[in-house]
Every structure is written in C-alpha cells, then in structure tokens.
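As structure tokens, the structure follows; a few thoughts come after it.
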Amino acid sequence: MNAQPLSQQELDELKAVLEKKLYNAREELEYSRKELEEGLSNSSGENSTYSLHMADQGTDAQEREKMMMFAQRQGKFIKNLEAALERIRSGKYGQCAVCGSPIGVGRLKAVPTAKTCIEHKD
C-alpha cells in the first residue's frame, strides 16, 4: 500500500486538528491539576469537608490517584501532540519514522500523532 505525500491543504487541516487537540488537552490538564490541588487541600486539616470515616478516606484517596493517573496520561498525550507539531515544523510530519515512506492520510486523520506507517505500527 503506497501512500501519497500529504498535500499542503491536508497538512494545514491536520495541523489545525493537532493544535485544537493540544489546546483542549492543556485545558483539561490544568483543570485536573486544580481539582487535585483543591482535593488535597480540602482533605486535610480541621476545615476538611471530607468525612473522617476510613471508607470515605479510601474513596478519596482512590479518586486522587485516578486524577493523578489521568494527569499523567494527559501529559504524555500533550508531549505526543507537541512532537507531531514539531514534525510539521521540521517537514517530517507524515513520514514513517522507520521506513521514511509517507503515512496514509487516513491513518493521520484517525491518529494525527502517528509516527509510523500502518506496516510499522507495532
């Protein structure tokens, strides 16, 4: 399956998708950080709005852990988006990092951060 290099219009469209995803991901990460900070400050001290019951404390800890895992995943996603935008700037976007052949536009529309063609996906 020989993919064609991206046209300038396709490249511009994919760049806009990446930029929008990056903006949204940064917003979500910032929201998560604020929620996590508020949760940590509210769960300690005399003015705690959280119950002192052990089961509630366990649930609170689990929620904080879930929020931290989400923040880590968002951070990784942001790095992948930034790397894809850097490949656009350097002229390497849409080229397989393994074989150098063009990555199909269908693959890039489905996974705009893709670094490899479908043959070298794994």
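The values are calculated or read from the model by the stated rules, or taken from the named source; none is laboratory data. Computed from a predicted structure; not experimentally measured. Cβ atoms come from the backbone with ideal geometry, glycine included; neighbour counts cover every protein chain shown.
Can you list residue pairs whose Cβ atoms sit under 7 Å apart, with the first residue in the range 59-85 being in contact (Cβ under 8 Å) with a residue 12 or more places away in the chain and the second being outside any helix (DSSP H, G or I) and β-branched (Val, Ile, Thr)? Count only pairs 6 or more apart in sequence or on different chains.
80/113; 81/113; 84/113
Scan the range 1-28 for residues that are among the hydrophobic types (A, V, I, L, M, F, W, C) and modelled with pLDDT under 95 and jot them down.
Correct list: 1, 3, 6.
Being touching a helix residue (DSSP H, G or I) at 6+ places or on another chain (Cβ under 7 Å) and within 17 Å of residue 83 (Cβ to Cβ) is the filter here, so list the residues in the range 97-116 that pass it.
98, 107, 108, 112, 113, 114
If residue 92 meets every condition in (1) at pLDDT 85 or above; (2) charged (D, E, K, R); (3) out of contact with any Asp or Glu (no Cβ under 9 Å at 6 or more places or on another chain) apart from one, which number is that one?
It fails just one condition, (3).
What do you reckon, is residue 64 surrounded by 12 or more Cβ atoms within 10 Å (Cβ to Cβ), out of contact with any strand residue (DSSP E or B) (no Cβ under 9 Å at 6 or more places or on another chain), among the basic types (Lys, Arg) and at pLDDT below 95?
Yes, satisfied.
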